[in-house]
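Input: a single structure, listed below in C-alpha cells.
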Amino acid sequence: MSSIEEYRTTCPFCPVHDKLILKRKPSNNAVFRKSNLFGLYYDKKNDRGLCARGNFTLELLNSPYRNRNVKVKGKQISLDRAIKKCSSKLKNISKERNKVAILIGGNHTLEEGYLVKDLSEELNTELIGLFPFEDEALLSVKNDFSFEDLKEADLIFSVGDVFSHSPTLAKSILDARNKKRGNRLLALDIIRGRISPFAESYITPPGSIAYFLWNFLRYLDNRENFELEKTALGLPAKALEEIAGSLLKCKNGWILFSNIYGHFSSPYTIVFLLEKIARKTGNHFAVLPVGQNTLGIGRIIGKFNNSTIINRLKNGDLKGLLTLGANPFELIPGFEDISSNLDFILSTAFFSSEDFPGYLFPSTFSFEKEGSVISLEEEIETLGEAVPPVGDAISDGNLISKLLYEISGKEVKAKVLPIKPLEWKEVKEPMVPSSLADKKFPFIILGFGLPFHHGDGEITRRMNWNKKRGGPYLFINPTQLKDLGLGKKVRVVTPYSSSEFKIGNINELPFDIPKSVLAVPTHYPESRKLFGFEQDRDGFISPGALRARLE
Amino acid sequence: MKKTQVMRIVLDVDRCISCHACDVACYESHREKFSLSRANFDITVDLPLHCKHCEESACVEVCPVDALEKREDGLIYHNSFRCIGCLSCTYACPFGVLKAERVRHIISKCDLCYDRLEEGEEPRCVQTCPSGALSFVPITYEDEKEMGRVDSRIKAKPWRR
C-alpha cells in the first residue's frame, strides 16, 4: 500500500488565504475527493475552517468539466504546436504598436505578474488590463491589517458586506465584538447584507456612499459649524455624529472595505476617503479585494488600461487579445459582438468552451503551480506545487515563458522590482446624489456577493440545496413583488443590456432589499453584462448601481 | 438513567451568518450525502439543524428494521444497508432533522463524524464553521433543556435576529 502525501497549502478563493491540507496517493497522483482524508489545519489566520466556496476546492480541482487539452475552435491540438502557432501569430500582429492587449487576473502569482510585464514589452504593447475590474481601485492602499490584532479590536467599521465576500473573517470580527462590553461593530452599506444583523447598520441610498464619506471627512474637520441635516442622506441626522464619535473614542479601531462588481459607485473615491478618515481618527484601514493576489499583481504591473482596451475592442483597433485565467466571453460584457473584430484570441481557462473562436489553453489551479502571493497582511507567501496539473494544463507563467522563448529566442529572466502601493491621486468632490431612477428606468439595480458560489455557479450548484435553485436569480422587495404581480421569470433592461432572470426568494438570504431596488448576484454572466463597461469619474471600470426597468 | 455528560454539536444563533459552509463540508465528506437540515424560523433565518442524538430517541423506537441503533457512546447510528426508506423515523423525529435522500430514498443523518472523533478531532461542520457558530462541547441534560429556546431568542432580537 503506497503512502499518503500531505501538502499544506492555502485556499485560493479569496485574499484571506485560509489554510488547508491536501492529501494524495503519489502512485496515481489522485487527489482524494471523498474526504475522510480532506482536512483543514488551524493557524493564526483562519483559526477555524473554510467557507462554502473553500470547501468545494477539491470539487473544482477534480471537476470532470475541467479543460484538459489545448483547443482551437473546439478541436484539440498538442501543446507544443499550439505554442508555436500562437507565437508566430503574435509576432506578426505585434509589429505595430499597441495592437495586442493582455488581461491578467488577480489570482495570478507575483512571478506571473513580472512575466506578463516582460511579455507586453516583447509584444510592443502597453495595454495590460486587470480583472476583477472592481479591484483596480484598491491598489493605492497599504493594508494595515493583522489577523491577530483584528481579534483585539474594540471597534470595527465595515463598509460593504465583509461576511459575504470573505466569510472566514467572521469569527475574528465577532470575537472582537463579543470580547468586551462596549465593543462595537458598525456597517455602512447600500443594502442590508450578511453583516447587518450583527452590526449597528447604516444604510444609504445606492450611489451615495462617496458623498456621505466626503461629508463625514468635512464633519471631522469642522464639527462645530456643520449642518448635519443636509448631508445625512436619509439616515438619521445623528448618523455622522455617532460614527465619528465611535471612531474617535476607540483605542484599536478598524475600518474594512469590501466591494463587488456592481455594488459601490466610485470605489476609488470611497477608498481614498476611508484612508483619510482612518488616518485622521487614528484607526487601522484595510481593503479586502476579490482576487487572491490582486494587491501583488496590481502593484507589479503598476498601470492598467482597462477602459482603453475595451474602447479599442469596440472600435476594432485591436488585433489580438490574451486573457489569462478567464474566458473573455464570461468576463467582458457583450464580447460576442466585438470578438469578430479580433484576428487572434488566446485564453487560459478552467472550463472548456466548444465554440471558443481562438486558442483555449487549460488553466492551472493555484495548487498546481509554484509561486508567491501577497497576503492581506502585506507579507509574501509562497505556494508550492501540491499536485501535478491535469492533462496538458500548464501554469500561465510557464505558458508565457514558452511564448517568450518562441518569440524572442532567448531564455526569460523576469526582472524583480520592489512591490509597493501605487501613488494616490487626488479625487474630485463627489456629486450630490440624486435618485438614479427615472420614468424610463424606474428601478435601481445593484450587484451583491454570495459566499457559496464560484465563478458562474457551476461548482456549488451541484449541491442538493443549490440544485433546486438553478439560476440566474434576481431578488426584489417581497412587498413590491406582490404588488407588481410578476411571474416566475422577468427580463431586466438597463441602458447597456438586458437579461432574463428567475425571481429568487429573498427569504433564503439574510438580505433586506428596499423598494424599487433589484439585486442580482454578480457571479452570473447574465448579471455582469447588465452593468456595462463605462469609466467612472476616477477613470476606473467599476460600475456601481444603475437604472433599470422590468419587462 | 440520564447520562451526566455527552459531547454534542451546539449552535450559537448569534454567530451563524448563514454561509452554508457546514452544509458543504458535510456533503463533501459524507460521499455527497446530505445529512444536515436547515431550520427556518419565521421564514427569516436559515440555520443548520443537526440530529440531537436524543437520550430517548423516537426514531430508534419506530424503525421497523432496526436500521437506526443507539451506540454505547450515545450516538445514533444509521445503517444504510438495512434502511428500507419507510420514512417512519422522519415522522417520529420531534426536531424534523431526518430527511430522505433524493436518489436512494433512504435516510441520511448526522453521525457526528465518528471517524474523526476516534482520532480526537471535531466533526467537520464544526471544524469548518467560519464564524465560530458551531461548537462541539460537553453538555449535561440540564444544559440541553436550557438550549432549546432558540425561537424565542430570535424573536427577541431586532430585525432578523
- Query: What residues have an amide H closer than 5 Å to that of A:Asn305, excluding those fewer than 5 places away on the same chain, when H is modeled at 1.01 Å from N in the peptide plane?
  - Reply: A:Ile128, A:Gly129, A:Leu130
- Could you sort B:126-136, B:109-119 so that the peptide with the highest average Cβ count within 10 Å comes first and the rest follow in order? B:126-136, B:109-119
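Order of A:171-182, A:328-339, A:289-300, A:200-211 by packing, highest average Cβ count within 10 Å first?
Most protected by this proxy first, the peptides run A:289-300, A:200-211, A:328-339, A:171-182.
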- Each label point is 7 Å from the Cα along the Cα-to-Cβ direction; what then is the distance between the points at A:Ser408 and A:Lys439, in nm? 6.1 nm
- Task: Provide A:Met431, B:Met7 in ascending order of the number of other Cβ atoms located within 10 Å of each residue's Cβ, fewest first.
- Result: A:Met431, B:Met7
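Quote to one decimal, in nm, the extra length available between A:Asn505 and A:Lys142 on full extension: 0.36 nm per residue of separation minus the C-alpha distance between them.
126.7 nm
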- Quick calc: nm separation of the 7 Å Cα→Cβ label points for B:Leu87 and A:Arg537 -> 5.9 nm
- Task: Give me the number: length gained by fully extending A:Ser516 to A:Asn222, i.e. 0.36 nm times residue separation minus the C-alpha to C-alpha distance, one decimal in nm.
- Result: 102.3 nm
- Based on other C-beta atoms within 10 Å, arrange B:Glu142, A:Glu59 from fewest to most. B:Glu142, A:Glu59
- Note on the structure: With Cα coordinates, the longest principal axis of chain A makes an angle with the long axis of helix A:79-93, in degrees rounded to 10, of 70 degrees
- Scaled by the rule-of-thumb 2.2 N^0.38 Å, the alpha carbon Rg for segment B:52-109 gives a ratio of 1.01
- Query: 222 nm [θ] for the protein assembly as shown, helices only, -39500 (n - 2.57) per DSSP H run of 4+, per residue, to 500?
  - Reply: -7000 deg cm²/dmol
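Assuming R0 = 22 Å, can you tell me the calculated FRET efficiency for the pair A:Asn398 and A:Ser78, based on Cβ-Cβ distance, to the nearest 0.05?
Efficiency, from the Cβ-Cβ distance: 0.90.
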- Query: Label A:Ser340 and A:Glu152 with points 7 Å out from Cα along Cα→Cβ: what is the distance between them in nm?
  - Reply: 6.3 nm
- Return the average number of partner chain Cβ atoms within 10 angstrom of each residue Cβ along peptide A:171-177. 3
- To the nearest 0.05, the calculated FRET efficiency linking A:Asp355 and A:Asn252 through their beta-carbon distance, R0 being 41 Å, is 0.15
- Message: Within 10 Å of each Cβ in A:288-298, how many Cβ atoms from other chains are there, averaged over the peptide?
- Response: 0
- Query: Under the Kirkwood approximation for Rh and a Cα-based Rg, what ratio Rg/Rh is obtained for segment A:138-288?
  - Reply: 0.93
- Item | FRET efficiency, 1/(1 + (r/R0)^6) with R0 51 Å, evaluated for A:Asn124 and A:Leu486 via beta carbons | 0.45
- Query: Mind checking the mean number of beta-carbon atoms from other chains within 10 Å of the Cβ atoms in B:119-132?
  - Reply: 6
- Largest first and to the nearest Å, give the Cα extent of the protein assembly as shown along each principal axis. 86, 75, 51
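Every number in this text was worked out from the coordinates using simple rules, so none of it is lab data. Being a predicted model, the structure only gives us computed values, none of them experimental. Glycine gets a Cβ as well: all are built from the backbone with ideal geometry, and neighbour counts include every protein chain shown.
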